[in-house]
Amino acid sequence: MPPEPKAYAADELAVGLSAEFEREITEEDILAFARNSGDQNPLHVDAAYAAATSYQGRIVHGAFQVGLASALLGMHLPGRSVLLGSVNARFIAPLYFPCRVHVRGEITSWNRQTLAGQLKVVVEEAASSVPTSEIFMAFSLHEKREAARPTAPVAVAPAGPAGQRVVLVTGASGGLGSVLSAALAKDYAVLGAFRSHPLQAEPGVSPLQLDLDAPGWEEGLRTALGDRPLYGIVHAAWPGAPRGGLLGVQDDVLERQLLFATTLTIHLARFLYGRVGSEGGRLVVLGSLAGRARPALPLAAYSLAKAALESAVALLAPELARKQITINAICPSYVAAGINRQADERARKREAALVPMGRLCTPEDVAAMVRYLLSPEAAFLSGQAIALSGGQI
């Protein structure tokens, strides 16, 4: 009998936690899977054909065994609150049917801070105890928000004294954007722009709902500012990091990456140019070491857009300088937040091993550089892509 369905909480998970079940696999199971999936390969469904091959009989689809692993992950360990991120499977021996299988899974990595981990699943033919597949499944949890944690309403004006400088942070509800907003709120009146995920209440941060994808977002920002000038913009919003090369990327995905890198950056620069005070201002955008410095083929659209962002910064700098506005890009190496928040501990250790300083770039490292670029000390620094590489060449 399968174990009872579970829903492990984050604090209950740990490396070594396991679950298992056994079940029969019948001919009807395989034929139904073939019909539903469309995989009618004769090695699985045609007894006469399979008998004439080197396998001498029909075997269970590899994807069927992955489905057994998915059932263990989604129903038993961690259970209902899980989201599958990736699958890496190898098939050790053919699994003939009808048969009985033993399915066992074990947590091999777990990070409580990122709610991400890995489950190793082994499928065995129960009668012989011969393993037929080994399946690694990266996962994350989607815990419910705590009802007691309030979200702030949409702001109509930036918080802080009337004379305090106002800084807009885009993507302020993201992992990195939220850290930047909180760090800057110590010295600035921060408008934290978000699209759909509301900001949690932070002292000194006024939430502002802006859909930067849609035309007319500027009017919402003007309303929030009132008659106060805008000193700075920190552009941290980004539409994820799609995997794959450029030949296979969908046009709309590529266009949205380039939109945030170029068109939106230009529009933000125009807005700041029109609302800055006599003292000048600052525009800081978040690039990546995966832009020009170290392009990443598995993230080709992301790398292309981040490289284009650096070009936009260089070209905007002389125009913005007319009003004493500086513009710079911060290009960090791998940061365990934002698009990398679901990476497991093994991936983080692998990335840290590439850094001469022996550690990953942190959100606090990025926040410190943002604070510097907003400061008077950086008044003559503009048009640069600043690498936070920890010594990587």
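Looking at the stretch 282-393, what helices (runs of 4 or more DSSP H) fall wholly within it and have at least 2 residues that are hydroxyl-bearing (Ser, Thr, Tyr) and in contact (Cβ under 8 Å) with a residue 12 or more places away in the chain?
By residue number, 300-320.
Every residue in the stretch 159-185 that is in contact with a Gly (Cβ under 8 Å, 6 or more places away or on another chain), under 23 Å from GLY277 (Cα atoms) and modelled with pLDDT under 90, please.
Matches in the stretch 159-185: ALA159, GLY160.
Regarding the stretch 113-136, can at least one residue be identified that is closer than 28 Å to ALA337 by Cβ, part of a loop (DSSP other than H, G, I, E, B), in contact with a strand residue (DSSP E or B) (Cβ under 8 Å, 6 or more places away or on another chain) and not assigned by TED's automatic domain parsing to the domain that holds GLY204?
Yes; the residues of the stretch 113-136 include at least one that is closer than 28 Å to ALA337 by Cβ, part of a loop (DSSP other than H, G, I, E, B), in contact with a strand residue (DSSP E or B) (Cβ under 8 Å, 6 or more places away or on another chain) and not assigned by TED's automatic domain parsing to the domain that holds GLY204.
Taking GLY38 as meeting all but one of (1) on the phi > 0 side of the Ramachandran plot; (2) in contact with an Asp or Glu (Cβ under 6 Å, 6 or more places away or on another chain); (3) not aromatic (Phe, Trp, Tyr), write down the number of the exception.
All conditions are met except number (2).
Kindly indicate whether VAL156 is modelled with pLDDT of 95 or more and over 19 Å from the mean Cα position of the chain (by Cα).
Considered against the rule, which asks whether it is modelled with pLDDT of 95 or more and over 19 Å from the mean Cα position of the chain (by Cα), VAL156 comes out as no.
The values are calculated or read from the model by the stated rules, or taken from the named source; none is laboratory data. All figures in this text were calculated on a predicted structure; none of them were measured in a lab. Virtual Cβ from ideal backbone geometry, glycine too; neighbours counted across all protein chains shown.
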